Amino acid sequence: MQDFEIILPKKDFGITEKEFDMWADKAMDARRTLLRGDGKGNDFLGWLDLPAATGTIESMKTAAQCIKSSSQLLVVVGIGGSYLGARAVIEAMQSELQCLDNTRETPLVIYAGHTLSEDYYVQLLKILDIYDYSVAVISKSGTTTEPAIAFRLIKSHLEKKYGKSEARERIFAITDAKKGALHDIAEMEGYCSYVIPDDVGGRFSVLTPVGLLPIAAAGLDIEQLMAGAAAMRDVCLSDGSVGENPALLYAAMRNMLYASGKKIEMLVNFLPSLRYISEWWKQLFGESEGKENKGILPHSLSFTTDLHSMGQYVQQGERHIFETLISVGKSRSHVEIPADDRDLDKLNYLISKSLTQVNHCAELGTVIAHKNGGVPIIEIRIPEISEYTIGQLIYFFEFACGVSGYMLGVNPFDQPGVEAYKKNMFALLGKPGFEDLRENLISK
Ligand code: PA5
């Protein structure tokens, strides 16, 4: 495995080895439960072995090639676990300015089905008038309202633009093997379809076609992504000590901090391209642990941007937070600060320093300041952003999440609370079967 390091805030916060060992033992117990497969939610453990199941890679590459050859845009229709993983990987590798890069040789991936904003869809449909596009419609249940509405709108646009037959060639459905409205539509219309395994929940599905198809279509190397995940899987599954397993160290430390009153975990980075890694991580941990009136609140900040909005709070606000920093060793590109004869901006002291050097000083300065301000920081160090290291990160967080959820005593693989708003929305919209609830809501 390439360098992947985790640094725990033991010394800075006076945590003794003996104290930590108690939490390390709990993490080890939770790992045993996870790997024995006899804990809560054990019918959703398929994600554990996804990096070893590389059988889908070739078909994903073929589908991606087909999208690349016909389309300038790929619209990924999905919400929650059915889009965040793909977006996290794609945006980590390609900056937000990608959309303005005319030299791009691969389709730009854009998103739908993750919002009900009318303005968004009006603008999207206008854009789809201009560019050639394909659609990846993704829903495990095949019945989620937001992507279903988006797909109805986009399918109708696609069929008008290209005719029914060509539209069919441009739609790729990723859903359940046997059931759900999307499964039925795909079968009846004859779309190219891929399956989300039964035993893989939405937020753990990035290494299935859910993530792999859009990531491959964006021109990224899914073999390297899977290789990174596989390397981390080897580490997590091997029978070493807690100290040899970064996911166990992370799970142990975050649970220890939670028990000491640190109820909020900020995932922080110094690269805006990692923003959607944070969004994916928030769903992973928020949906897995936030239940039974328990769970660390997962929050995220992108520095240095957010130091200018939330830095004050982190430094001096209520001391109920800890940070988990994704620290990246080197940049994939290089730009030096140029000389200026007049030096009116007083920046000549930085001449020939790269932006990454400046960013690293900002990072070190922030780490020291936040530690001094009483914020424990778990540091995750990766050498660079690449498909391989992102694959490592994904499996690391997923494994840590399973372990951490069991340490907390909850089922990390269900999400019963997500249904509450849906039922009320259906009732308010007048969906058949929800009449009683509608009366109840209206009478309030
Ligand atoms: O993690 C989850 O299960 C959820 O966030 C789902 O991914 C999300 O609700 C989308 O569900 P579906 O893929 O069934 O449309």
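The values are calculated or read from the model by the stated rules, or taken from the named source; none is laboratory data. Since this is a predicted model, take the numbers as computed values, not measurements. When we count neighbours, we look across all protein chains shown, and the Cβ atoms used for this are built from the backbone with ideal geometry, even at glycine. Please note that ligands, DNA and RNA were not included when accessible areas were found on the heavy atoms of the full protein model with its side chains. Shrake-Rupley method; radii C 1.70, N 1.55, O 1.52, S 1.80 Å.
Couple of notes before you dig in:
- One quarter of the surface of the convex hull around the alpha-carbon atoms of segment 63-214 equals 8.3 nm², the direction-averaged projected area.
- Cα principal axis extents for segment 123-210, largest first, Å: 39, 26, 22
- Size descriptor, Kirkwood hydrodynamic radius, that averages inverse alpha-carbon separations across the chain, Å: 23.4 Å
- Normalising the average separation of contacting C-alpha pairs (under 8 angstrom, six or more residues apart) by the number of residues puts the relative contact order of segment 297-444 at 24 percent.
- When each of LYS179/LYS431; LYS263/LYS330; LYS178/LYS422; LYS40/LYS140 is checked by Cα-Cα distance, pairs over 27 Å: LYS263/LYS330
- Rounded percent of accessible protein surface that carbon and sulfur make up, segment 284-363, 1.4 Å probe: 53 percent
- Subtracting the Cα-Cα distance of ILE57 and ASP38 from their residue separation scaled by 0.36 nm leaves 3.8 nm.
- Counting only lysines at least 8 places from LYS160 when in the same chain, those with an alpha carbon closer than 16 Å to its own are LYS126.
- Relative contact order of the chain, taken over Cα pairs closer than 8 Å and 6 or more residues apart, is 24 percent.
- P(r) tail fraction, segment 234-311 - alpha-carbon pairs more than 18 Å apart, %: 53 percent
- Phi-derived couplings, Karplus 6.51 cos²θ - 1.76 cosθ + 1.60 at θ = phi - 60°, listed residue by residue for segment 249-266: 4, 5, 4, 5, 5, 5, 6, 5, 5, 4, 5, 8, x, 7, 8, 10, 10, 9 Hz, with x used for Gly and Pro.
- At q = 0.15, 0.18, 0.19 Å⁻¹ the log10 of I(q)/I(0) for segment 376-444 amounts to -0.71, -0.78, -0.82, computed by Debye summation with a single uniform scatterer per C-alpha, solvent ignored.
- Cβ charges +1 (Lys, Arg) and -1 (Asp, Glu), total dipole of the chain, debye: 700 debye
- Size descriptor for segment 1-103, Kirkwood hydrodynamic radius: 18.9 Å (Cα pairs only, one decimal).
- For the set LYS26/LYS423; LYS26/LYS282; LYS18/LYS371, the pairs lying more than 28 angstrom apart at their alpha carbons are LYS26/LYS423.
- Only aspartates and glutamates eight or more places from LYS291 in sequence, or on another chain, were considered; those with a Cα closer than 18 Å are GLU265, GLU398, ASP414, GLU419.
- For peptides 381-392, 277-288, sequence by mean Cβ density within 10 Å, most packed first: 277-288, 381-392
- Amide H contacts of THR324 (H built 1.01 Å from N, under 5 Å, at least 5 apart or other chain): MET266, LEU267, VAL268, ILE378
- Note, ³J(HN,Hα) from phi for segment 356-372, Karplus 6.51, -1.76, 1.60, rounded to Hz, x at Gly and Pro: 5, 4, 5, 4, 5, 5, 4, 5, 5, x, 5, 4, 5, 4, 5, 4, 4
- Alpha carbon Rg of segment 176-249, scaled by the compact-globule rule 2.2 N^0.38 Å: 1.47
- Estimated vicinal HN-Hα couplings, Hz - segment 107-121 in sequence order (Karplus 6.51, -1.76, 1.60; Gly, Pro = x): x, 7, 8, 10, 10, 8, x, 9, 8, 10, 5, 5, 4, 4, 6
- Per residue solvent-accessible surface (Å²) - the chain, probe of 1.4 Å: 46 Å²
- For segment 328-412, Kirkwood radius (reciprocal of mean inverse C-alpha pair distance, Å): 16.4 Å
- Nonpolar atom fraction for segment 60-159, defined as the carbon and sulfur part of the 1.4 Å probe accessible area, stands at 52 percent.
- Within the chain, antiparallel bridges make up roughly 10 percent of the DSSP beta bridges whose residues both belong there.
- Per-residue ellipticity at 222 nm, computed for the chain from helices alone with -39500 (n - 2.57) per DSSP H run of at least four residues, works out to -15500 deg cm²/dmol.
- Semi-axis lengths, Å, segment 214-357, gyration tensor of Cα atoms, sqrt of 5 times eigenvalues: 33, 24, 15
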